[in-house]
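Novice: Attaching a single structure in structure tokens format; questions to follow.
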Amino acid sequence: RFPPRPMTIVPDRTLVDVGAPVTYTITLTNQGPSAATGVSVEGALPEGLAFVSSDPEVGTYDPASGTWTVGSLAVGETVTLQLVATVTQPGAITTMAQVATANEPDVDSVPANDEASEDDQDDVVVTGVLADLSLTKEISNETPALGGQVDYTITVRNDGPSDATGVLVED
């Protein structure tokens, strides 16, 4: 029975600062009963992610097409692809991987048909997060005497969820 089971894609975290890397682990297993040949996985990065690097356990990964060429898998063999990308925008980003090609037929799925209910593909959502900064300015005395002293208090707050760096306030 082919394609490899299960097909999973798992990020190292689901909340990622915009500009920070996220590492996906794509796992492919052939549960038999036959060896699989001509296997490739489609896993193009969606908008919101920029390719950094890949480390396939077997085969090659082409970042331009998003294709991981696996080749052959023996019965019971599991292989992984580590894929690192930078989050480039805030919000939900869905990444999908699916078996794209296989020489052997499967009784319960079809390669490259984008059918989410089949077990030859998986998807995961990560969320690009940004800092949420707000500023308030308060005065100690709103009606000071001429030549009197007043104190200003400027408060900057970050409601996250990400840390803010390089913040500069001008007054």
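Let's see how each residue does on (1) in a strand (DSSP E or B); (2) surrounded by fewer than 17 Cβ atoms within 10 Å (Cβ to Cβ); (3) of a type in the set (Phe, Trp, Tyr):
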residue: Ile9; (1), (2), (3): yes, no, no
residue: Thr25; (1), (2), (3): yes, yes, no
residue: Ala50; (1), (2), (3): yes, yes, no
residue: Ser53; (1), (2), (3): yes, yes, no
residue: Tyr61; (1), (2), (3): yes, no, yes
residue: Gln82; (1), (2), (3): yes, yes, no
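Novice: Also, I was wondering about something else. Would you confirm whether or not the stretch 116-134 contains a residue that is on the phi < 0 side of the Ramachandran plot, loosely packed, with under 12 Cβ neighbours inside 10 Å and part of a loop (DSSP other than H, G, I, E, B)?
Specialist: yes
Novice: I've got another one for you. Are any residues in the stretch 30-46 polar (S, T, N, Q) and modelled with pLDDT under 90, and if so, which ones? Walk me through it before giving the result.
Specialist: Taking the stretch 30-46 and keeping what is polar (S, T, N, Q), we get 30-31, 34, 37, 40.
Residues satisfying the conditions are Asn30, Gln31, Ser34.
Novice: Scan the stretch 150-171 and tell me whether some residue there is under 30 Å from Gly38 (Cα atoms), small (Gly, Ala, Ser) and modelled with pLDDT under 90.
Specialist: no
Novice: Here's another thing I want to ask about it. Give the residue, chosen from Gly71, Gly66, Gly91, that is of a type outside the set (Val, Ile, Thr), surrounded by 15 or more Cβ atoms within 10 Å (Cβ to Cβ) and without any contact (Cβ under 8 Å) to a residue 60 or more places away in the chain. If you could, list the steps in order and put the result at the bottom.
Specialist: Values: Gly71 fails: surrounded by 15 or more Cβ atoms within 10 Å (Cβ to Cβ); Gly91 fails: surrounded by 15 or more Cβ atoms within 10 Å (Cβ to Cβ).
Criteria check complete, one pass: Gly66.
Novice: Just checking, which of Gly166, Gly148, Gly76, Gly160 is of a type in the set (Gly, Ala, Ser), part of a loop (DSSP other than H, G, I, E, B), more than 21 Å from the chain's Cα centre (by Cα) and within 25 Å of Gly48 (Cβ to Cβ)?
Specialist: Working: Gly148 fails: within 25 Å of Gly48 (Cβ to Cβ); Gly76 fails: within 25 Å of Gly48 (Cβ to Cβ); Gly160 fails: more than 21 Å from the chain's Cα centre (by Cα).
Testing whether each residue is of a type in the set (Gly, Ala, Ser), part of a loop (DSSP other than H, G, I, E, B), more than 21 Å from the chain's Cα centre (by Cα) and within 25 Å of Gly48 (Cβ to Cβ) leaves just Gly166.
Novice: Related question: With the requirement that a residue be on the phi > 0 side of the Ramachandran plot, part of a loop (DSSP other than H, G, I, E, B) and not charged (D, E, K, R), what does the stretch 90-115 give you?
Specialist: Answer for the stretch 90-115, where residues must be on the phi > 0 side of the Ramachandran plot, part of a loop (DSSP other than H, G, I, E, B) and not charged (D, E, K, R): just Ala112.
Novice: Please verify whether Gln31 is open to solvent by less than 60 Å² (accessible area, probe 1.4 Å) and either farther than 30 Å from Ala164 by Cβ or in contact with a helix residue (DSSP H, G or I) (Cβ under 6 Å, 6 or more places away or on another chain) (or both), treating the condition exactly as stated.
Specialist: Details: open to solvent by less than 60 Å² (accessible area, probe 1.4 Å): no; either farther than 30 Å from Ala164 by Cβ or in contact with a helix residue (DSSP H, G or I) (Cβ under 6 Å, 6 or more places away or on another chain) (or both): yes.
Against the criterion (open to solvent by less than 60 Å² (accessible area, probe 1.4 Å) and either farther than 30 Å from Ala164 by Cβ or in contact with a helix residue (DSSP H, G or I) (Cβ under 6 Å, 6 or more places away or on another chain) (or both)), Gln31 does not qualify.
The values are calculated or read from the model by the stated rules, or taken from the named source; none is laboratory data. All of these numbers come straight from a predicted model, not from anything done at the bench. FYI the Cβ positions are ideal-geometry reconstructions off the backbone, even for glycines, and counts take in every protein chain you see. Only protein heavy atoms, including side chains, enter the accessible area calculation; ligands, DNA and RNA are left aside. Shrake-Rupley method; radii C 1.70, N 1.55, O 1.52, S 1.80 Å.
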